[in-house]
Structures are given as C-alpha cells and as structure tokens.
Amino acid sequence: QVQLVESGGGLVQPGGSLGLSCAAFGIAFRFYPMAWYRQAPGKQRELVARITPAWSTNYGDTVKGRFTISRDNAKNTVYLQMNSLKPEDTAVYYCNAADDLRDIWGRGTQVTVSS
C-alpha cells in the first residue's frame with residue numbers, strides 16, 4: 001500500500017525547535033523527490049522544503065536558514081528539522097512524494113507555535 005506517514009508534530013514555544021519525520025511505504029523512495037508543505041488556517045498550501053534523490057534542496061523564503069530537510073534512503077524516511085520557530089509557522093505540515101506519474105500526500109501533522 002502506497003502511503004506517507006508523518007510524525008513529530010506538536011506544541012512548541014516561540015524560538016523552540018521541533019523535528020518532523022515522514023515514513024514512506026510502497027514506493028521506490030530513493031528515486032523520489034520528497035517535500036514538506038504546510039497549510040495554515042485560511043491560507044493556501046505552501047512549499048516548505050524539497051529534497052531531490054541527489055540531495056539537492058530548496059526552501060520556501062520564510063523558512064530559509066531556520067529549517068533543514070534531509071532524507072535517509074535506508075529508512076525510507078524524510079525529515080524536517082525546524083529551529084527558531086515562530087507563531088507564523090503554525091500550520092498542518094504535509095509530506096509529499098511526486099514524480100511524473102504520481103503525486104502522493106500524507107495526512108499531515110499539526111505544528112503549533114505558541115507561548
């Protein structure tokens with residue numbers, strides 16, 4: 001069964017850190033570009049970070065220098081390390097795997113940044 005399962009969301013104070021994980025099942029993970037998106041209430045879904053099979057990365061402007069995406073092909077898992085979190089980072093974070101044939105989404109994990 002093809003699926004992406006996110007974990008690691010929760011409540012964190014401003015300035016804190018949080019790590020997300022996304023485990024992939026049923027796909028040839030090492031060949032897929034992987035990405036994290038987020039969607040805040042009332043806003044459109046936006047790209048947070050993307051990592052290619054060759055480990056090339058790109059980030060949304062609002063998270064550059066604070067977030068780091070990485071992958072472990074042996075564990076079929078992509079990670080998002082989030083540092084210096086701000087209240088405006090509050091959103092549901094979604095994992096995505098996409099190539100020319102497939103566009104696969106996880107169910108999302110809630111991240112809330114609040115004091």
Using a 1.4 angstrom probe on heavy atoms only, work out the carbon and sulfur share of the accessible area of region 9-101 in %. 51 percent
Please state the Cα pair-distance histogram of region 51-100 with 10 angstrom bins from zero: what percent is in each bin? 19, 55, 24, 2
What are the ³J(HN,Hα) couplings of region 89-106, residue after residue, when phi is run through the Karplus curve with 6.51, -1.76, 1.60 and θ = phi - 60°? Round to Hz, x for glycine and proline. 7, 4, 4, 8, 9, 10, 8, 9, 10, 9, 9, 5, 9, 10, 9, 10, 10, x
Calculate the length of the line joining the C-alpha centroid of region 56-115 to that of region 2-38, in whole Å. 6 Å
Stokes-Einstein D for the chain at 37 °C, 0.692 mPa s, Kirkwood Rh over Cα pairs, in µm²/s? 234 µm²/s
The chain: relative contact order in percent, alpha carbon pairs under 8 Å with at least 6 residues between: 36 percent
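Counting only DSSP beta bridges with both residues in the chain, what percent are antiparallel, rounded to the nearest 5?
Rounded to the nearest five, the antiparallel share is 90 percent.
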Could you derive backbone 3J(HN,Hα) for region 2-19 from the dihedral phi with the Karplus parameters 6.51, -1.76 and 1.60 (θ = phi - 60°), listing whole Hz in sequence and x where the residue is Gly or Pro? 7, 7, 10, 10, 8, 8, x, x, x, 9, 9, 7, x, x, x, 10, 8, x
What accessible area per residue comes out for region 32-115, rounded to a whole number of Å², with a 1.4 Å probe? 54 Å²
Long-range HN-HN contacts of Gly16 with modeled amide H, under 5 Å: Leu85
Taking the Cα centre of the chain as origin and charging only Cβ (+1 Lys, Arg; -1 Asp, Glu), how large is the dipole, in debye to the nearest 20? 100 debye
Give me the extension gain from Trp55 to Leu101: residue separation times 0.36 nm, minus the current Cα-Cα distance, reported in nm with one decimal. 14.5 nm
Calculated P(r) of region 1-63 - Cα pairs past 15 Å, %: 64 percent
Treat every Asp and Glu Cβ in region 48-93 as -1 and every Lys and Arg Cβ as +1, leave all other atoms uncharged, and give the resulting dipole magnitude about the Cα centre to the nearest 20 debye. 120 debye
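The values are calculated or read from the model by the stated rules, or taken from the named source; none is laboratory data. Quick caveat, the model's predicted, so the values are computed rather than measured. Virtual Cβ from ideal backbone geometry, glycine too; neighbours counted across all protein chains shown. Heavy atoms of the whole protein, side chains included, go into the accessibility calculation; ligands, DNA and RNA do not. Shrake-Rupley method; radii C 1.70, N 1.55, O 1.52, S 1.80 Å.
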